[in-house]
1. How much length is gained on full extension from GLU245 to HIS221, taking 0.36 nm per residue of separation minus their Cα-Cα distance?
2. Note the full-extension length gain between ALA425 and THR59 as 0.36 nm times their separation in residues minus their Cα-Cα distance, in nm to one decimal.
3. Write out the trypsin sites (Lys or Arg not before Pro) in the range 222-254 meeting two conditions: DSSP loop, and at most 16 other Cβ atoms within 10 Å of their Cβ.
4. Just the number, please: carbon plus sulfur as a percent of the accessible area of the chain, 1.4 Å probe, no ligands or DNA/RNA counted.
5. Each label point is 7 Å from the Cα along the Cα-to-Cβ direction; what then is the distance between the points at TYR312 and GLU185, in nm?
6. Before anything else, pin down the relative contact order of the chain: Cα pairs under 8 Å, at least 6 apart, normalised by residue count, whole percent.
7. Which length gain, in nm to one decimal place, applies between TYR370 and LYS236 when the Cα-Cα distance is subtracted from 0.36 nm times their residue separation?
8. PRE reach from ALA118 (point 7 Å along Cα→Cβ): which of the range 176-191 fall under 11 Å by backbone N?
Amino acid sequence: METLLKQLVRGKALVFIIILGIGGSFQNGFHVTVISSPSPYIQRFINQSWFERHGESMTPETVTFIWSAIVSFYAVGGLFGSVSVRCITGRFGRKKAMIWNNTISIVAAVIMLTSKMANSFEMVLLARYLFGFSAGLGANIHNIYLGESSPKKLRGMVTLTAATFVSIGKLTGQLSGLREVLGDEELWNILLCVPACFSMVQLIVLPFFPEAPRYLLIDKHNEEMCRAALQTLWGKGEFKMEIEEMVAEQAAIKGQRSQSLLELLRDSHARWQLITMLVINVSIQFCGISAISAFSFNIFQEINIPVDKIRYVTLGVGMSEVITSITCGLLIESVGRRALLWSGFGAMSVVMAFITVSLHLKESSYWIPYITVCLIFLFVIFYCGGPAGVMPALTHEIFIQSSRPAAFVFTGILRWLGFAVLGTAFPFIIALWKSFSFVLFSGVCLAAGLFVFFLVPETKDRLLP
């Protein structure tokens, strides 16, 4: 542990990881959970806005549809943001792309802040789209920037901080949504703008840090700037092993330009890597974690948790995510990626099956809902200690430099499409199927665990061809 801390503080790496995180995956985590707390207030605002303009109230079904659209527009924006990462990082580099991405978040915050004054739920939809675009683009840049700035022996731990900041973002969103903080009905539009403050901090501070060393050497062919960037981040040294690895990768791709998504999909050498990413990312989206994060208020309401206690329960879920993510960071280099993946998915499948049973029996005894809450905590712990923690490192290690931006576009499309579909459909699914909604999630987790166990090799300390 001391060695790890010494390596992080020898240069500016620790501060760099924090600054990159608050403007990167933190934003996604915050927006995913914060929308749950003010959901009753926003739905009332939708109805009130319509009534004041048209003199009649919306039907409950219409309000539910627009509310689902507000949730899913964030995912649509995230999808387009993810798709644009190759183009934007290729043109501006990792550092400038991240800096300019912050301006989108700030513009979205201005629109969200003024939506209440303008009495326009349409502005909420637009702001959510822009927040999603910024979060989708920023999360991908964050992952690429981290992976290309970290030494090989620390890459797993460093890239896992992207997942840690998602968890911290979720916890911050839940904490901000408490009634004692910004959870009052009069403050919901301010609550949804909190991430823009962190974007402003990154916009001011990130220019003082270097561009990604791997990008400087492999894409820009500048070894001296690469070495200087490594020394700024990780302290004094020649970094011969890291530079030799980059030079070897540069020779392997033989000056090949960054692949487009279509070129990557057509590349027969990357076929198995793409299948692996497809199965694991789709499984993550439909394992149930997105539904629990975005609709936790509805889920806990469904299992008869008192309304005034729900926000504190979701806060506990967020704290368990952060703690588990940090723990996973300490284990990933010793345990390996594959073991964490298949065991995480397997445990999630079992827990989700028990959640289904407990939801079905919730009326039989007063203590059953509390068992359900404990099971949700367990599910989140296994998710953060398995799939969520492993994926950033795995994506870096199975794709070479010329394929990596397109690979993040591919995984981004899968992630945000899944979130959009689930965000739109889940309110109707849980209303129709009740407790049996979670049977689907249990089956997805089981299939993913079996796939990883039998077909996915360990990727620690090596790049797949």
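1. 7.2 nm
2. 129.9 nm
3. Qualifying residues, ordered by number: LYS236, LYS254.
4. That fraction is 69 percent.
5. 2.3
6. 25
7. In short, 43.0 nm is gained.
8. Zone members listed by number: none at all.
The values are calculated or read from the model by the stated rules, or taken from the named source; none is laboratory data. Just so you know, these numbers come straight off a predicted model, no measurement behind them. So basically every Cβ, Gly included, is an ideal-geometry build from the backbone, and we count neighbours across all protein chains shown. Heavy atoms of the whole protein, side chains included, go into the accessibility calculation; ligands, DNA and RNA do not. Shrake-Rupley method; radii C 1.70, N 1.55, O 1.52, S 1.80 Å.
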